Amino acid sequence: MIHVSRLTKFYGDYPAVQDVSFDVPAGQIVGFLGPNGAGKSTTMRILAGYLTATSGQATIDGLDVLWDSVEVRRRIGYMPESCPLYQEMRVHEYLRFRAGIKGLHGGKRRQRIDFVLKRCWLEDVRRQLIGTLSKGYRQRVGLADALLASPPVLILDEPTAGLDPAQIRATRALIHELGREHTILLSTHILSEVEKTPCDRVIIIHEGRVAASGTLADLQEKASANACLIADFDGSIDEEALGGLPGLTDAASAKIDGGVRLRLHAGDLGSLTPRLCGLAAAQGWKIRQIRPERPTLEDLFVQITGRETA
Ligand SMILES: Nc1ncnc2c1ncn2[C@@H]1O[C@H](COP(=O)(O)OP(=O)(O)OP(=O)(O)O)[C@@H](O)[C@H]1O
Ligand SMILES: [Mg+2]
């Protein structure tokens, strides 16, 4: 449904997005994950037709976002990260105005406005001036706007940013429900957000490039491919003897308080443990502890982006 091919965007001579390619199949919820400044909003603005790419191509439902921008806009609901709302309009006036632009009139318009006011928890503030709304409520108006014409594709830039914990949960549940009828690309810089939102796939973007992509399970597997065995010994050991361990692919040692820590990699960690115990017994090494270490998705994210997650 969304097809992005070698998309590149330069701001002056700064490459904000470089050679980005990905697909979002119809009916999927895809999480676009990356730290601040990674290029998420830039990519989404290009998809929504608010920014032109320097090179590369993007299509939505087979339509080019640049050449068929009017038709593309009919098919997408875009929620920008800071919603360019009209401060002096009341919520329901704004939605009526936006519905008109989207070609909704009469009874259909009233029905859709009532629907989105309800879905985005805005009924209590429908008569309030947008300029007086809190950030979280303004965020919800942006989401309501994106949903107005019930477009097949939703592009949501950080939909849970600025919301309180209860609203974050409610928004995740709403996205889950919307995922039954819409194709959704949503961005976030928070890993736990894609873990908790029911994303079918995750694309990790870093410094304008796609650094990893796949299902959460794929990425988890990729992270744990780097699993190792941690073995702590009291006193010193003769590391040369490790050469006799079948299947060992890498070994590193470090001093710890009163002993040595080995970090061992092997194709089959399961069979490495008894072999290591056998070697320790034969060498007279005093084992303090042996435990596997499986990197988490968070470790992978930190490894890719070099930043701790929130
Ligand atoms: N109009 C602009 N002119 C110059 N540089 C820009 C412009 N807009 C964005 N950038 C730069 O491009 C890079 C990518 O920005 P973008 O807003 O796409 O990141 P992001 O992944 O959405 O980050 P965040 O999580 O903070 O929203 C950043 O380094 C940003 O400073
Ligand atoms: Mg952004």
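The values are calculated or read from the model by the stated rules, or taken from the named source; none is laboratory data. Fair warning: this is a prediction, and the values are worked out from it, not measured in the lab. Cβ sites come from the backbone with ideal geometry, for glycine too, and all protein chains shown count toward neighbours. Each accessible area value is taken on the protein alone, full model and side chains, heavy atoms only, with ligands, DNA and RNA left out. Shrake-Rupley method; radii C 1.70, N 1.55, O 1.52, S 1.80 Å.
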Scanning for something outside the structural domain of D23 (by TED's automatic domain parsing) and on the phi > 0 side of the Ramachandran plot, does the stretch 263-286 turn up at least one residue?
yes
Expected output for the stretch 76-92 (first residue under 19 Å from L117 (Cβ atoms), partner open to solvent by 90 Å² or more (accessible area, probe 1.4 Å), Cβ below 7 Å, 6+ apart or cross-chain) is R90/R127; H92/R127
Among the residues of the stretch 57-88, the number that are within 16 Å of ligand 2 (Cβ to nearest atom) and more than 21 Å from the chain's Cα centre (by Cα) is 1
The residue that is nearest to the chain's Cα centre (by Cα), considering only those in the stretch 23-46 that are more than 12 Å from ligand 1 (Cβ to nearest atom) and surrounded by 19 or more Cβ atoms within 10 Å (Cβ to Cβ), is G31
Taking first residues from the stretch 106-124 that are farther than 13 Å from V91 by Cβ and second residues anywhere that are surrounded by 14 or more Cβ atoms within 10 Å (Cβ to Cβ) and among the basic types (K, R), the pairs with Cβ under 7 Å that are 6 or more apart or on different chains are R109/R96
Residue hits (the stretch 57-82; under 15 Å from L148 (Cα atoms) and out of contact with any strand residue (DSSP E or B) (no Cβ under 9 Å at 6 or more places or on another chain)) are R73, R74
inquiry  = On the basis of being away from ligand 2 (no atom under 16 Å from the Cβ), within 17 Å of the chain's Cα centre (by Cα), among the hydrophobic types (A, V, I, L, M, F, W, C) and buried (at least 19 other Cβ atoms within 10 Å of the Cβ), does I2 make the cut?
reply    = yes
Of the residues in the stretch 23-32, those that are among the hydrophobic types (A, V, I, L, M, F, W, C) and in contact with an Asp or Glu (Cβ under 8 Å, 6 or more places away or on another chain) number 2
Among (1) over 23 Å from the mean Cα position of the chain (by Cα); (2) more than 15 Å from ligand 1 (Cβ to nearest atom); (3) of a type in the set (S, T, N, Q), T54 falls short only on (2)
Per the filter on the stretch 49-60, residues under 25 Å from E181 (Cβ atoms) and modelled with pLDDT of 95 or more are A58, T59, I60
| said: Against the definition (assigned by TED's automatic domain parsing to the domain that holds H189, over 19 Å from the mean Cα position of the chain (by Cα) and among the aliphatic types (A, V, I, L, M)), how does A99 come out, yes or no? | reply: yes
Residue set I237, I290; condition open to solvent by less than 60 Å² (accessible area, probe 1.4 Å), touching a residue at least 12 places away in the same chain (Cβ under 8 Å) and in contact with a Phe, Trp or Tyr (Cβ under 6 Å, 6 or more places away or on another chain); output residue I237
Across (1) outside any helix (DSSP H, G or I); (2) open to solvent by 40 Å² or more (accessible area, probe 1.4 Å); (3) under 26 Å from L216 (Cα atoms), P295 clears everything bar (2)
By residue number, the members of the stretch 164-208 that are among the aliphatic types (A, V, I, L, M) and within 16 Å of ligand 2 (Cβ to nearest atom) are L185, L186, I190, L191, V194, I203, I204, I205
